[in-house]
1. Only one residue in Gly306, Gly327 is at pLDDT below 95, surrounded by fewer than 19 Cβ atoms within 10 Å (Cβ to Cβ) and at positive phi, so which one is that?
2. Can you pull out the residues in region 38-62 that are aliphatic (A, V, I, L, M) and loosely packed, with under 13 Cβ neighbours inside 10 Å?
3. Looking at this structure, is Gly186 in a loop (DSSP other than H, G, I, E, B) and either surrounded by fewer than 23 Cβ atoms within 10 Å (Cβ to Cβ) or in contact with a helix residue (DSSP H, G or I) (Cβ under 6 Å, 6 or more places away or on another chain) (or both)?
4. Can you name the number of the only condition in (1) at pLDDT below 85; (2) exposed (fewer than 15 other Cβ atoms within 10 Å of the Cβ); (3) closer than 13 Å to Val323 by Cα that Ile229 fails?
5. Just one of Glu96, Glu116 is touching a Leu at 6+ places or on another chain (Cβ under 6 Å), at pLDDT 95 or above and surrounded by fewer than 20 Cβ atoms within 10 Å (Cβ to Cβ); which is it?
6. Under 6 Å between Cβ atoms, at least 6 apart or on separate chains: pull out the pairs that start in region 295-324 with a residue that is assigned to a strand (DSSP E or B) and end on any residue that is modelled with pLDDT under 95 and open to solvent by 20 Å² or more (accessible area, probe 1.4 Å).
7. What are the residues in region 143-166 that are assigned to a loop (DSSP other than H, G, I, E, B) and surrounded by fewer than 20 Cβ atoms within 10 Å (Cβ to Cβ), if any?
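The values are calculated or read from the model by the stated rules, or taken from the named source; none is laboratory data. Computed from a predicted structure; not experimentally measured. No Cβ is skipped: glycine too gets one built from the backbone with ideal geometry, and neighbour counts run over all protein chains shown. The accessibility values were calculated without ligands, DNA or RNA, using every heavy atom of the protein model including side chains. Shrake-Rupley method; radii C 1.70, N 1.55, O 1.52, S 1.80 Å.
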Amino acid sequence: MKRPHHFALFVAVALVLIAAAAVLLFFVRRREVRPLRTQFPAMGTVCAVSVYGGEAELHTAFAVGKAEFDRVEAACSLYRPDSELSRLNAAAGQGEFLCSEAMWHLILRAERAYGESGGEFDITVKPLMDLWGFYRKRGDRPPTAEEIRATLAKVGFDKLILDRRRRSIRFKVPGMALDLGGIAKGYAADLAAAAMVRCGITAGVVDLGGNLRFLPHPPPGRSSYRVAIRDPRDPGGTLPELLEVRPGRAVSTSGDYERFIVLGGRRYGHIISPKTGIPGGGPAASVVADTALDADVFSTSCMLGGPPAAEKLRQLHPGIQVVFAPGAEETERPLLSRGKR
């Protein structure tokens, strides 16, 4: 007669244990999907890596992401005399320079961007960057019209000689030099995101100086990432409308609000037109694209070319989205980034 009582007690205890296990699993899962963030210097700017997971995932994301950034910086930095780009700039004026696979990939992608943008995107702008004082100091006055004309003679992707069979490059004009600032950070963000996915981290965002690459899964409970564009008139605020960005896509903004110089009492942004030799162009531009590299390239093209450049790019790449503002910066709320540099 006591067996039914014992059985009922056993069932009750089992149910309590199952319920406790379910509650514990619920809280563990909640802990595991918390958005965690770390930030660190990389490629001359600030990188913020945010993942939906635990401390172990965040540590892995930091390690593999930083390794990719270091690898791209070792190839593309203009501040390191031993980088591949520095060696290319020093040698290609005298003869053929054989490129690594990664460098060749960036050069060919820049060649396509040069054609698609009507010459607005041009990696040969470094002589102009030097002239205006972005890489070396100059006096307090801006360059003269004659100085700009003389420097423009050293600018133009059409002045490069590419040998596709040998994967090599030469400069037609002495004094030419490449600057990969408008393409390398987006490329690095893509590589870092891919490395994280290979490690099993599938939800989060890589923000390399405002070049955002979202991982292939959305945040818990959502189907997309929300991206806020900073109000250029209010550094602490954002524009009222949010961008809804599908997982796996990327956002980049080009503008003159982060990196600039002041000459003769006037402020000049770092994005220089390869056609006029003068900083600026149209309003700041934010672009949503399939990769951070594409978004990086397209935002520069739209910043300089304005709405006509954006319309041409939309026709060539129907999936992109372009938002113009007089200075803008995107971020995944509430994880605010410092903006593209």
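1. Details: Gly327 fails: surrounded by fewer than 19 Cβ atoms within 10 Å (Cβ to Cβ).
Being at pLDDT below 95, surrounded by fewer than 19 Cβ atoms within 10 Å (Cβ to Cβ) and at positive phi holds for just one of Gly306, Gly327, which is Gly306.
2. If the condition is that a residue be aliphatic (A, V, I, L, M) and loosely packed, with under 13 Cβ neighbours inside 10 Å, then Ala56 is the only one that fits.
3. no
4. Ile229 satisfies every listed condition except (2).
5. Going through Glu96, Glu116 in turn, the sole match is Glu116.
6. From residues that are assigned to a strand (DSSP E or B), the pairs are Phe324/Pro283.
7. From region 143-166, those assigned to a loop (DSSP other than H, G, I, E, B) are 143-144, 153-156, 164-166; that's our starting set.
The answer is Pro143, Thr144, Ala153, Gly156, Arg164, Arg165, Arg166.
One line per residue, one yes/no per condition, for (1) under 19 Å from the mean Cα position of the chain (by Cα); (2) assigned to a loop (DSSP other than H, G, I, E, B); (3) in contact (Cβ under 8 Å) with a residue 12 or more places away in the chain:
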{"site": "Ala193", "(1), (2), (3)": "yes, no, yes"}
{"site": "Ile229", "(1), (2), (3)": "yes, no, yes"}
{"site": "Gly236", "(1), (2), (3)": "no, yes, no"}
{"site": "Pro240", "(1), (2), (3)": "no, no, no"}
{"site": "Pro247", "(1), (2), (3)": "yes, yes, yes"}
